[in-house]
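A short worksheet on the structure shown next.
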Amino acid sequence: MKVLVTGVAGQLGHDVMNELSKRNYEGIGSDIASMYSGIADGSAVTKMPYVQMDITDNSGVETVITAINPDVVVHCAAWTAVDLAEDEDKVEKVRQVNAKGTENIALICKKLGCKMLYLSTDYVFDGQGTEPWKPDCKDYKPLSVYGQTKLEGELAVAGNLERYFIVRIAWVFGVNGKNFIKTMLNIGKTHDLIKVVDDQIGTPTYTYDLARLLVDMIETEKYGYYHATNEGGYISWYDFTKEIFKQAVEMGRTEYSEERLRVLPVTTEEYGASKAKRPFNSRLDKSKLKENGFEPLPTWQDALHRYLREIEF
């Protein structure tokens, strides 16, 4: 199986490439930079074939993907800076990347007859209530430019292809790039009080675990919409932060102990600071994974345990 992966400079693209290598599949990475620009960790992705591709350039996308002629495109590339996306001068750029770029890829996948896997987000919903969102729910009501443009990407995939997987994920962390865990660990070193939001509920997703599931998926013909996060229950960002510091202390990092560092739960309103509206309810119903024979991800607590041993902090 020959697989083109977009966005390999990001957290998930990096791990998908390494998972493909583990299974001896032919993985080709792409991103907007002229050469691989992700973490230089010596893993397989740093040595695998790479092509430069600007997904917003329709003819460029067609040229690159046609030359590769993959069996599958795993589309991880996206504009993910949620607050920055709200700036008036950025909106069109975000749409070009998340919506138009996705459509460009979907159209060439249609022409070549290859499968496509598109990564989406719970931000396509309005984030209200307490019921977990079902993967086949069509009650879309994005609250932000990011959510709206990712939804437009979903519709471009589903509207043009039959052989597609749309996988919504949430609260992502991986070794290659910035994420909430790294932010909290860095702030925790220099502060003795941290305020963390306690009224946004979801489940973290470790890209290492997610990559395994995504490659499992593209080995099948079980197309459609899916939700994927780690198992282990629904939590708030505050709960997550407490567990991050607890596990860090268990690793001997006493600077994160409750004696030195206090974590204070606050509401989204009290916290303020973000330009984009964040969903309160990021609970994703993952039951369709099991129903279709896919192995669920490990618990987020276990994922965090493994992740903290992977990174330097």
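Structure notes:
- Filtering region 226-251 to residues that are in contact (Cβ under 8 Å) with a residue 60 or more places away in the chain and either farther than 16 Å from SER282 by Cβ or among the charged types (D, E, K, R) (or both) leaves GLU231, GLU243, ILE244, PHE245, GLN247, ALA248.
- Qualifying residue in region 181-195 (condition: of a type in the set (Asp, Glu) and surrounded by 14 or more Cβ atoms within 10 Å (Cβ to Cβ)): no
- Filtered residues of region 263-301 (kept if under 14 Å from ILE235 (Cβ atoms) and either outside any loop (DSSP other than H, G, I, E, B) or not basic (Lys, Arg) (or both)): VAL263, PRO265, PHE280, ASN281, SER282, LEU284, THR299, TRP300, GLN301
- For the residues TYR234, TYR225, the requirement of being under 21 Å from the mean Cα position of the chain (by Cα), among the aromatic types (Phe, Trp, Tyr) and open to solvent by less than 50 Å² (accessible area, probe 1.4 Å) singles out TYR225.
- Test for ALA303: is it in contact with a strand residue (DSSP E or B) (Cβ under 7 Å, 6 or more places away or on another chain), modelled with pLDDT of 95 or more and surrounded by 19 or more Cβ atoms within 10 Å (Cβ to Cβ): yes
- Filtered residues of region 19-66 (kept if open to solvent by 30 Å² or more (accessible area, probe 1.4 Å), in contact (Cβ under 8 Å) with a residue 60 or more places away in the chain and touching a Gly at 6+ places or on another chain (Cβ under 9 Å)): ILE39
- Residue in region 102-126 that is most open to solvent (accessible area, probe 1.4 Å), counting only those that are part of a helix (DSSP H, G or I) and either among the charged types (D, E, K, R) or out of contact with any helix residue (DSSP H, G or I) (no Cβ under 8 Å at 6 or more places or on another chain) (or both): LYS111
For (1) more than 27 Å from GLU258 (Cα to Cα); (2) touching a residue at least 24 places away in the same chain (Cβ under 8 Å); (3) among the hydrophobic types (A, V, I, L, M, F, W, C), each residue gets a yes or a no:
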residue: GLY101; (1), (2), (3): yes, yes, no
residue: LEU117; (1), (2), (3): yes, yes, yes
residue: CYS137; (1), (2), (3): yes, no, yes
residue: GLU152; (1), (2), (3): yes, yes, no
residue: ALA156; (1), (2), (3): yes, yes, yes
residue: PHE173; (1), (2), (3): no, yes, yes
residue: ILE181; (1), (2), (3): no, yes, yes
residue: ASP192; (1), (2), (3): no, yes, no
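The values are calculated or read from the model by the stated rules, or taken from the named source; none is laboratory data. Treat the numbers as computed from the prediction; the structure is a model and nothing was measured. Cβ: placed from backbone, ideal geometry, glycine included. Neighbour counts: every protein chain shown. With ligands, DNA and RNA removed, areas are computed over all heavy atoms of the protein, side chains included. Shrake-Rupley method; radii C 1.70, N 1.55, O 1.52, S 1.80 Å.
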